[in-house]
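Accompanying notes for the structure given below.
The values are calculated or read from the model by the stated rules, or taken from the named source; none is laboratory data. Predicted model only: the values in this text are computed from it and were never measured. Cβ atoms come from the backbone with ideal geometry, glycine included; neighbour counts cover every protein chain shown. The area values use the complete protein model at the heavy-atom level, side chains included, leaving out ligands, DNA and RNA. Shrake-Rupley method; radii C 1.70, N 1.55, O 1.52, S 1.80 Å.
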Amino acid sequence: MRDMGISVLFQGNNFVRLLIGLLASLRIAAIAMALSVVFGVLVGMMMRSKHGWIRFLCRCYLEVVRIMPQLVLLFLVYFGAAKHLGIDMSGEVAAILVFTFWGAAEMGDLVRSSLISIPKHQYDSGYALGLTKWQVTVHIIIPQTVKRLLPSGVNLLTRMIKTTSLVVLIGVVEVVKVGKQIIDASRYTVPTSALWVYGAIFLLYFIICYPFSKLATSLERHRKEESV
Amino acid sequence: MSETTILRTEQLKKSYEKGKYILNNFTFSIQKGEVVVIVGPSGCGKSTFLRCLNLLEPIDSGSIYLEEQLISAKDKNASKIREKIGMVFQSYDLFPHKTILDNLLLAPVKVQKRNKKEVEQEAEELNKKKIELDLEFRKEEFLSKTTIWWPETKGCNR
């Protein structure tokens, strides 16, 4: 009987396996993003440091991250750590490290740009009221920064989720890897499986990323309307 | 110095560029209850002077006394002193992420650690009074609200 390729998705527990793989992708993205926010705030503040050399270091860091393809970073950390430092870390840990390294730089730059978009008189007004530096940061600067940061932050998260598809190359069993396994296993029984499996993966990524993308757009619109 | 001098400066010097003094040996005093207007063309240092008084700008040399206490020393706690010197900026400078009421509550609650409910009530009462007082300031409604609702406001930069 000629098999419809789509049935490959529902053989055995294939679909559940894909979803479990997707969970691994999301886990990496979520942990890395959470860490990126924490470190990104620090990096962003350092980028506004009084000391030129700190700003210079941050600049170098950001440039390195932007110039290096994430895949190279993944290989460097995963294989480099094993070969030169003798550290045997799992692919997932390496992936989280790399994505955090990347995300913290990007997030830092976002934090920096939203910090400079807060007018100086906002700080001055706060100080003039007798608020301390800490109170000005907490009550006046951070709330306004977060609003400006949210849309681009959500966009970064979407990019991160998509980029997790690279970690298949350092042996992490995430959604693309599971897809490959399914395709390999059914190569002879369902020759067209690749189309269906990758199609399903496309849909899964879309279902996850589209709402975030929409959210970012509406947050941005909301912010613009408010600032008018 | 008379007993009622509340704020005075001695030989105040301030420059943004080396050697170009915007305030050069400025000695000045204000008595309690006095209303002083500083007039001059733009860029002549009116705002700079006010900002110096409020310690928002570091001064090059000279001294500033509030109630005969030297406040311009480096080790002084600037936010403690600013509690006593209010300032209204040129561009009103409300905090855009807060409502007007929250803008008004911020300093009394966070700086003076007053009870929130109590300040809210005070603001309400002043809001009623404001209607008559507003006639004086009709053009800048926001500004008048802040001026009236913040009893500690003293310096007004226009």
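Work out the FRET efficiency for A:Leu57 and A:Lys120 from their Cβ-Cβ distance, taking R0 = 22 Å, and round it to the nearest 0.05.
Details: r = 25 Å, r/R0 = 1.13.
Once rounded, the FRET efficiency stands at 0.30.
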*Work out Dmax and Rg for region A:133-198 from the C-alpha atoms and quote the Rg first, both in angstrom.*
21.3, 68
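If you average 1/r over every pair of different alpha-carbon atoms in region A:5-227 and take one over that average, what Kirkwood value in Å do you get?
Numbers: mean 1/r = 0.0507 Å⁻¹.
Kirkwood hydrodynamic radius for region A:5-227: 19.7 Å.
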*Could you work out how far the C-alpha centroid of region A:15-58 sits from that of region A:157-202, in angstrom?*
24
*Accessible surface, 1.4 Å probe, highest first, among residues A:Tyr127, A:Tyr198*: A:Tyr198, A:Tyr127
_In Å², nearest 10: area of B:Lys116 left accessible to a 1.4 Å probe_ = 110
*Per-residue SASA entry for A:Ser165, accessible area with 1.4 Å probe, Å² rounded to 10*: 40
*Per residue of B:78-88, count partner chain C-beta atoms within 10 Å of its C-beta, then hand back the mean as an integer.*
4
_10 Å Cβ neighbours from other chains, averaged over peptide A:117-129_ = 6
*Go through A:Trp53, A:Trp196 and list them by solvent-accessible area, largest first, probe radius 1.4 Å.*
A:Trp53, A:Trp196
*asked:* Give me the count of lysine pairs in chain A whose alpha carbons sit under 29 angstrom apart, restricted to pairs 8 or more positions apart or on different chains.
replied: 20
*How large is ³J(HN,Hα) for each residue in region A:28-41, as worked out from phi by the Karplus curve 6.51 cos²θ - 1.76 cosθ + 1.60 (θ = phi - 60°), to whole Hz, x for Gly and Pro?*
4, 4, 5, 5, 4, 5, 4, 5, 4, 5, 4, 6, x, 4
*For region A:86-202, just the Cα atoms, rotate onto the principal axes and tell me the three extents in Å, largest first.*
75, 38, 16
_Part-to-part distance (alpha-carbon centres) for region B:29-82 and region A:74-148, which is given in Å_ = 37
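Checking the a/c ratio against 1.5 first, then a/b against b/c, what shape does the Cα gyration tensor give for region A:1-94?
Details: a/c = 3.11, a/b = 2.27, b/c = 1.37.
Prolate, since a/c reaches 1.5 and a/b exceeds b/c.
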*What FRET efficiency comes out for the pair B:Glu125/B:Thr5, r = Cβ-Cβ distance, R0 = 51 Å, nearest 0.05?*
0.95
*From the Cα gyration tensor of the protein assembly as shown, with a ≥ b ≥ c the square roots of its eigenvalues, which class applies: rounded if a/c is under 1.5, or else prolate if a/b is larger than b/c, or else oblate?*
prolate
*Hey, what angle do you get for helix A:91-116 against the long axis of chain A, alpha-carbon based, 0 to 90 degrees rounded to 10?*
30
*At a probe radius of 1.4 Å, what is the per-residue accessible area of A:His222, in Å² to the nearest 10?*
100
*Compute for chains A and B the buried accessible surface, both sides summed, probe 1.4 Å, and express it in Å² to the nearest 100.*
1600
*asked:* Per 0.36 nm of contour for each residue apart, how much would the distance between A:Asn13 and A:Glu220 grow if the chain were fully extended, relative to their Cα-Cα spacing?
replied: 70.5 nm
*Mind pulling the angle between the C-alpha long axis of helix A:142-163 and the longest principal axis of chain A? Nearest 10 degrees, somewhere in 0 to 90.*
20
*Dimensions of region B:5-85 along principal axes (Cα, Å, largest first)?*
30, 30, 19
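Let me know the mean shielding of B:105-112 by other chains, meaning the per-residue number of their Cβ atoms within 10 Å of its Cβ.
Values: counts 0, 7, 7, 1, 0, 9, 5, 2.
Counting other chains' Cβ atoms within 10 Å and averaging over B:105-112 gives 4.
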*asked:* Given the DSSP H assignment, sum -39500 (n - 2.57) over each helix run of at least 4 residues in chain A and divide by its residue total; what's the result at 222 nm in deg cm²/dmol, nearest 500?
replied: -25500 deg cm²/dmol
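If you roll a 1.4 angstrom probe over the protein chains with everything in place, what fraction of the accessible area of the protein assembly as shown belongs to carbon and sulfur, to the nearest %?
Values: 13760 of 22300 Å².
It is 62 percent, rounded to a whole number.
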